[in-house]
1. Taking only the range 152-171 into account, find how many residues are without any contact (Cβ under 8 Å) to a residue 60 or more places away in the chain, assigned to a loop (DSSP other than H, G, I, E, B) and within 30 Å of G95 (Cα to Cα).
2. What are the pairs with Cβ atoms under 9 angstrom where one residue, in the range 126-142, is on the phi > 0 side of the Ramachandran plot and among the charged types (D, E, K, R) and the other, located anywhere, is surrounded by fewer than 22 Cβ atoms within 10 Å (Cβ to Cβ) and in a loop (DSSP other than H, G, I, E, B)? Sequence gap at least six, or different chains.
3. Just name the residue that is surrounded by the most Cβ atoms within 10 Å (Cβ to Cβ) out of those in the range 68-89 that are of a type in the set (S, T, N, Q) and assigned to a helix (DSSP H, G or I).
4. State which residue pairs qualify: first residue part of a helix (DSSP H, G or I) and inside the range 2-25, second residue surrounded by 15 or more Cβ atoms within 10 Å (Cβ to Cβ) and acidic (D, E) in any location, beta carbons under 6 Å apart, and separation of 6 or more residues or different chains.
5. Restricting to the range 19-43, give me the number of residues that are at pLDDT 80 or above and buried (at least 18 other Cβ atoms within 10 Å of the Cβ).
6. Just checking, which of A149, A174 is among the hydrophobic types (A, V, I, L, M, F, W, C), crowded, with 17+ Cβ neighbours inside 10 Å and either modelled with pLDDT under 90 or not in a helix (DSSP H, G or I) (or both)?
7. Can you name the residue in the range 99-142 that is among the aliphatic types (A, V, I, L, M) and assigned to a helix (DSSP H, G or I) and is also surrounded by the fewest Cβ atoms within 10 Å (Cβ to Cβ) among such residues?
8. Does any residue in the range 93-108 that is without any contact (Cβ under 8 Å) to a residue 24 or more places away in the chain and under 24 Å from T33 (Cβ atoms) come within less than 8 Å, Cβ to Cβ, of a residue that is of a type outside the set (A, V, I, L, M, F, W, C) and buried (at least 24 other Cβ atoms within 10 Å of the Cβ) six or more places away or on a different chain, and which pairs are these?
Amino acid sequence: MPAVLADPAPALNAVLAHLARQGHTKVAYARSTAPLGWNSRTETRAVEDAAGRNMEVTLLGPFLPTVESGFAATAEVLRTTAAACVASSTVLALGMLERCKQMGLSVPGQLSLIGCEDNMGATFCSPSLTTLSTPLEEVGLAAARMVTAMVGGSAGAGLRVVVPTALTLRASTAA
């Protein structure tokens, strides 16, 4: 079956490098139940990559990809010693950001926060949310080329295209 897939590895590497540069050594990862969230293989890779950077990753959840679940995720993060959190859903991260505001916790002063999908909500919140981004235009173009090839009789039916993700830095992370 043809597919256009997002590869989270480049953005994951950039996230860990960014957090390490800021001096973070303990990171929480709030897993989502969303079907588009990171899978267990990606989570395992994140833990292994972090260990190679002398960072410790604590896996939390899974949580529903909702604002309300972001409140619960915040409570779990605060039970750890992590000063940074990657949420596998931007909606989950937005809930965490709101809960931090309600509790008087500074993001990014007391908790650096990163979401895993770049959407409009990530840019309009305060502080704006650092996210992992998938180049949607590139995904769309690859899918269109694939469909065009299949309609034209070319061998596109078994084709898989992998699109790298990237880190979009905004105001929600700090040392």
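The values are calculated or read from the model by the stated rules, or taken from the named source; none is laboratory data. Here the structure is a predicted model, which is why all the values come from computation and not from measurement. All Cβ positions, glycine included, derive from the backbone under ideal geometry; neighbour counts span all protein chains shown.
1. 1
2. Hits for this filter: zero, empty list.
3. T74
4. L16/D49
5. 8
6. Result: A174 is the single residue among A149, A174 that is among the hydrophobic types (A, V, I, L, M, F, W, C), crowded, with 17+ Cβ neighbours inside 10 Å and either modelled with pLDDT under 90 or not in a helix (DSSP H, G or I) (or both).
7. M120
8. Partner pairs satisfying both residue conditions: none exist.
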